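S.K.: Here it is, the structure in full.
The values are calculated or read from the model by the stated rules, or taken from the named source; none is laboratory data. Nothing here was measured: the structure is a model prediction, and the numbers come from that model. Please note: Cβ atoms are built from the backbone with ideal geometry, for glycine as well, and neighbour counts cover all protein chains shown.
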Amino acid sequence: MHKSKIIRNPWDDYEEAKMREKCHTLYWFFNFCIDDVLDAAFFGIRSPVIPHLKQFLRERILYLKYKSLDCVTNFSREKYHTIMAGYDQIDEEIIAFRETKLCPTGYGRIMEQYNYYMKYFKLTGNFNIYYNSRL
């Protein structure tokens, strides 16, 4: 009995490797977000809604952080697309918050910097801009 071989397209392997690499970078970025960006974004801002928003974003980022690590070790395209959708949702929630009257002044400027990092990551797949800006 003849068994047919399944021939994999090398381009699929390349795409998978790029997605895996993006998830790995995203894992480290979410680590950075929790330690630096969120704390800096809310430092010195007085608003009753800030603790709730900060906790909400922290939980969402932690969830995506561990999801992205799982995607690196047990890769699947579905997991990758779930992470990227969650990542987009954080952006949408930040924008929606900035458009409310509860958003204090000063907060928007810092979150614009966060969004700038996120958009740069989406375009390039890395966060070298952060390290270069610190030099």
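S.K.: What's the number of the only condition in (1) modelled with pLDDT of 65 or more; (2) out of contact with any Asp or Glu (no Cβ under 7 Å at 6 or more places or on another chain) that residue 41 fails to meet?
M.R.: (1)
S.K.: Could you tell me which of the residues 47, 68 is of a type in the set (S, T, N, Q) and modelled with pLDDT under 70?
M.R.: The unique qualifying residue is 47.
S.K.: Under 6 Å between Cβ atoms, which residue pairs at least 6 apart in sequence (or on different chains) link something in segment 52-72 that is over 16 Å from residue 20 (Cβ atoms) with a partner that is among the β-branched types (Val, Ile, Thr) and part of a helix (DSSP H, G or I)?
M.R.: Sorted first by the residue in segment 52-72, then by its partner, the pairs are 60/90; 61/34.
S.K.: Quick check: anything in segment 51-61 part of a helix (DSSP H, G or I), modelled with pLDDT of 75 or more, under 13 Å from the mean Cα position of the chain (by Cα) and closer than 17 Å to residue 25 by Cβ?
M.R.: Within segment 51-61 (the criterion being part of a helix (DSSP H, G or I), modelled with pLDDT of 75 or more, under 13 Å from the mean Cα position of the chain (by Cα) and closer than 17 Å to residue 25 by Cβ), the answer is yes, since at least one residue qualifies.
S.K.: May I pose another question? So how many residues does segment 68-88 have that are among the basic types (Lys, Arg) and in contact with a Ser or Thr (Cβ under 7 Å, 6 or more places away or on another chain)?
M.R.: So the count comes out to 0.
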